[in-house]
Amino acid sequence: MRRPALLSFRTATLLAALAFATPAGATEYFVTETGAGGDAVARGAYLVHAAGCIACHTAPGGQPLAGGRAMATPFGTFHTPNITPDPETGIGRWSDADFLQALQHGLSPAGEHYYPVFPFTSYTKAAPADLLAIKAYLFAQAPVVAANKPHEIGFPFSVRLLQAGWKALFFRPGEFRPRAGAAPEVNRGAYLVQALGHCGECHTPRNPAGGLLIGLALAGTSDGPDGEAVPNITPDRETGIGGWSVDDIAELLASGTKPDFDNVQGSMGEVVEEGTAHLTAADRAAIGAYLLSLPPVRHGKPRGN
């Protein structure tokens, strides 16, 4: 049985706005509560759902955001950390600079490399204002004393310093850039998929070293999180979602219901319940518009719907 939604707020009072910040094309996307004057905690509440923080940082039966969830990978089992504002076991002592360094560059406040099971490789594309709004929301929550569990990974993967080499090969930091000539809705969807939603981290196959196979971006993999198969979400009509409409995608993100009336399960069920179901209808439609604007990639087994 799925966990009940851990947080609730009136998403009807939230709207998404696009603001192109510089002539070079750098983009900041703000989610502002109507009438709240851009309150960072209100924005952060929305963005925490968009970024999938709750599902990953809450153990089954555990307290929200207190970590402890086990994530099995080919390299070992990782345990997600406590991201409540407890000063001893959580992130309560982190500064804004610490938070941005972690999410944009995959480095702890002490300068240690994080493993890429933490999707800093996608969060690096998020606007700093959005990341700091997430921090504002997290720091407004009650602190939970919950010590982080050590990862269960063997040598040589246990040597964090080796992550510097991995980053040199597979990590390209930098903010999201909108696609020239694309509709604002498509660019908004691209930002949600590529940065906050980090969809490619699960829906893109990886090489033996754990780097994403960019040529197969979003084309699905048989070896996703916890060994689950993850579907192709490019608009290929045979192996992807080319037969779906924007409304079909938006409905799945809202309720978990596919066009054939089956429901998503497992990790994607949690993504919907604790993430995309809390987005505005406009943002869910933007995700659909972006996915259907991509080149189709034929990869994996044919699907019915």
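Laboratory data are not the source of any read-out in this text; all were calculated from the coordinates shown. Source: prediction; values computed, not measured. Neighbour counts run over all protein chains shown; Cβ positions are idealised from the backbone, glycine included.
Before moving on, here are some points about what is shown:
- Listed by chain and number, the lysines placed with their C-alpha closer than 18 angstrom to that of Lys301 are Lys258; residues fewer than eight positions away on the same chain are left out.
- Residues in the range 148-164 carry Karplus couplings, in order, of 6, 7, x, 5, 10, 9, x, 5, x, 5, 6, 7, 4, 4, 5, 5, 4 Hz; the curve used is 6.51 cos²θ - 1.76 cosθ + 1.60 with θ = phi - 60°, and Gly or Pro positions show x.
- Derived scalar couplings ³J(HN,Hα) [the range 131-138; Karplus, 6.51 cos²θ - 1.76 cosθ + 1.60; whole Hz; x for Gly, Pro]: 5, 6, 5, 4, 4, 4, 5, 4
- Kirkwood hydrodynamic radius computed over the range 70-185 comes to 15.7 Å, based on all pairs of distinct alpha carbons.
- Dipole magnitude for the chain: computed about the Cα centre from +1 point charges on Lys and Arg Cβ and -1 point charges on Asp and Glu Cβ, it is near 460 debye.
- Rounded to the nearest 0.05, the FRET efficiency derived from the C-beta distance between Asp262 and Ala182 at R0 = 41 Å is 0.85.
- Distance (nanometres) between label positions extended 7 Å along Cα→Cβ at Ala142 and Ala209: 4.6 nm
- Calculated on the alpha-carbon coordinates, the convex hull of the range 29-129 measures out at 118 cubic angstrom per residue.
- Between Ala281 and Leu161, the contour length at 0.36 nm per residue exceeds the Cα-Cα span by 38.9 nm.
- Distance (nanometres) between label positions extended 7 Å along Cα→Cβ at Asp39 and Asp96: 1.9 nm
- Shape box of the range 11-293 [Cα atoms, principal axes, largest first, Å]: 45, 45, 42
- Built amide H within the under 5 Å cut-off of Leu213, gap 5+: Arg206, Asn207
- Residues of the range 246-283 with amide N under 17 Å of a point placed 7 Å along Cα→Cβ from Thr77: none
- Those residues of the range 128-150 whose amide nitrogen sits under 11 Å from the label point placed on Glu88, 7 Å along Cα→Cβ: 145-147
- Restricting the range 146-249 to GluC sites (Glu not before Pro) in coil, as DSSP defines it, with at most 16 other Cβ within 10 Å: Glu228, Glu238
- The distance between label points at Glu152 and Ala168 comes to 3.3 nm (points 7 Å beyond Cα on the Cα→Cβ vector).
- Residues with amide H under 5 Å from that of Leu107, placed H, sequence gap 5 or more: Ala102, Tyr114
- Computed helical MRE - 222 nm, the chain, DSSP H runs ≥ 4 contributing -39500 (n - 2.57), nearest 500: -8500 deg cm²/dmol
- Applying both filters, DSSP loop and at most 12 other Cβ atoms within 10 Å, to the trypsin sites (Lys or Arg not before Pro) of the range 30-124 gives Arg93.
- Around the amide H of Ala126, modelled in the peptide plane, lie the amide H atoms of Phe176, all under 5 Å away and 5 or more residues distant in sequence or on another chain.
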